[in-house]
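Let me begin by handing over the structure; questions about it come next.
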Amino acid sequence: MSFIGMLNKSLKARRRSDELLASETITTSHTLTRAAGMTCSMLVTISGADVIGDVKIVGNVAGVSTTETMSFDAVGSKQSVQIWDDGELTALEPSGLTGTIQVRARGADGQPIVQPLDLTGPFPGRVWDGSMRTNRTMGITPAGEEPAQKMTIFMAPLSTVLLGDDLLVNADVSTEIYRIDPTRHLNRIQLEHHWQIPVMIENQIS
């Protein structure tokens with residue numbers, strides 16, 4: 001049997017992220033690539049050679065069309081005063097700036113608003129725990145403690161870069177979730193013809 005034929009699960013990669021707009025070259029107008037999932041403040045980061053200028057944010061606040069202008073005089077990040085309705089940001093309009101712009105979701109207290117973000121569509125994989133007892137479930141070990149059990153997911157190489165703490169989710173049974181072991185160096189186990197990804201079982205998406 002071929003290697004691909006032994007991959008008996010359909011998985012997809014997912015990452016927890018507060019990113020609403022990945023870092024991109026500044027133009028006259030930008031739109032967010034995804035919503036925050038709730039009302040949020042916008043953390044706007046500017047970097048580049050010419051970072052003296054403004055970013056005008058246009059959207060709805062509590063259902064009312066609102067504009068807020070954030071002024072920059074150096075490389076860095078600023079958080080909007082307004083709490084914007086989810087999915088109701090019309091545009092980001094920089095002026096006098098060159099370089100890159102990035103937007104992340106923040107609560108009024110400045111804390112990141114994180115949600116799962118799908119990185120890939122379904123792909124074949126196989127879960128192996130060394131004893132073939134792959135149906136057993138367990139919770140993630142609390143931070144700072146050594147995990148009681150580690151497993152490996154075999155898959156064909158992906159073009160998507162995976163990182164520690166990314167999630168691998170069963171595309172058919174969404175409650176079957178594995179978290180990539182952040183203590184392992186993935187570049188040492190990504191082979192030319194297959195990847196061996198070290199994971200731990202996670203019971204639910206958070």
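Since every read-out is calculated from the coordinates, none of them should be taken as a lab result. Predicted, not measured: the structure shown is a model, and the values here were computed from it. Methodologically, a virtual Cβ is constructed for each residue, glycine included, from the backbone with ideal geometry; neighbour enumeration extends over all protein chains shown.
Would you indicate which of (i) 23.4, 82; (ii) 20.7, 62; (iii) 16.1, 53 is the value of Rg and Dmax of the Cα atoms in Å derived from the coordinates of this structure?
Computed from the coordinates, Rg and Dmax of the Cα atoms in Å corresponds to (ii).
What's the FRET efficiency of GLN196 with SER159 using the Cβ-Cβ distance as r and R₀ = 25 Å, to the nearest 0.05?
Working from the Cβ atoms, E equals 0.90.
Apply the Karplus curve 6.51 cos²θ - 1.76 cosθ + 1.60, θ = phi - 60°, to the phi angles in the range 80-93 and return the couplings in whole Hz, x for Gly and Pro.
Calculated HN-Hα couplings, in order: 5, 6, 6, 9, 8, 4, 5, x, 10, 8, 6, 6, 10, 10 Hz.
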